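Beneath this line is the structure, given in structure tokens, with notes to follow.
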Amino acid sequence: MRLTLLVMIVFAVAAVLGLGATLRAVTHGLPIGGLTIGPWRADPDIGGLGADPYLRAGVARRGEAPLAYGDGVAFEARTDDAGRSLDAACDYTLEGDLPAARLWTLMPFSPEGGRLETALGRRGTSSAETVRVIGRPIVVELSQTAKAGDWIQLPAKGAFVLRLALYDTALGTPLARRTPPQLLAVKRGACR
């Protein structure tokens, strides 16, 4: 009787740990694999046949339509360059160059993936509207208050996630992943 009870407890603990680890892998992705450049992380295989079962389950759970190799690659930043979580109470400066791409978009989202509501309704920027000066890096300001130059308004409060999508780029291909270029640096400024 005791042996049977002990075996049932061991199986119950194993089931809870296994299902918990699977849920974590599906909701947050595996800690290994993917492509990490500074605070930016992407799963270039997510839209292709090389996606592992956890990536596929995560995509299905979130209801996403991910980019495939031929389409581009989508990066996500949850922290700044110093590893601090992104907070709408702070100002941020994104600065640097981006790899060759036909088009890129940059938008803040809620940590759950929802669109953020701002007072002016300006939700992001793209390569089509960002001012570029030859020989100088891209500079985009994120703040609740208006800034000179390229600016994305942040919501009144709360955590957020940045998504940078590069369309029609070679960066997501296995060959380009070996020596990835730098992406935009995420530098925290003043906080309220």
Note to self: Could you go through region 33-40 and let me know if any residue there is modelled with pLDDT under 80 and either charged (D, E, K, R) or part of a loop (DSSP other than H, G, I, E, B) (or both).
What the structure shows: yes
Margin query: I'd like the residue in region 80-111 that is of a type in the set (Ser, Thr, Tyr) and surrounded by fewer than 16 Cβ atoms within 10 Å (Cβ to Cβ) and, out of all such residues, is modelled with the lowest pLDDT.
Written below: 110
Next item on the list: Consider only pairs whose beta carbons are under 9 Å apart and that are at least six residues apart or on different chains; among these, list those whose first residue lies in region 169-192 and is at pLDDT below 75 and loosely packed, with under 13 Cβ neighbours inside 10 Å and whose second residue is assigned to a loop (DSSP other than H, G, I, E, B) and not basic (Lys, Arg).
Entry: 174/50; 174/69
Item checked: Single unsatisfied condition, residue 150 versus (1) modelled with pLDDT of 90 or more; (2) in contact with an Asp or Glu (Cβ under 8 Å, 6 or more places away or on another chain); (3) more than 30 Å from residue 23 (Cα to Cα); (4) open to solvent by 30 Å² or more (accessible area, probe 1.4 Å) -> (4)
Checklist line | Number of the exception - residue 74 against (1) modelled with pLDDT under 85; (2) hydrophobic (A, V, I, L, M, F, W, C); (3) outside any helix (DSSP H, G or I) | finding: (1)
Margin query: Looking at region 113-131, I want the residues that are open to solvent by 70 Å² or more (accessible area, probe 1.4 Å) and have a partner that is part of a loop (DSSP other than H, G, I, E, B) with Cβ atoms under 7 Å, at least 6 apart or on another chain. Which pairs are those?
Written below: 115/123; 117/155; 123/116; 131/149
Check: Which condition number does residue 155 fail, the rest of (1) open to solvent by less than 20 Å² (accessible area, probe 1.4 Å); (2) part of a strand (DSSP E or B) being met?
Finding: (2)
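The values are calculated or read from the model by the stated rules, or taken from the named source; none is laboratory data. What you see is a predicted model; the values in this text were computed from it and never measured. Note that each Cβ is placed from the backbone with ideal geometry, even for glycine, and that neighbours are counted across all protein chains shown. The protein model used for the area step is the full one, side chains on, heavy atoms only, and it has no ligands, DNA or RNA in it. Shrake-Rupley method; radii C 1.70, N 1.55, O 1.52, S 1.80 Å.
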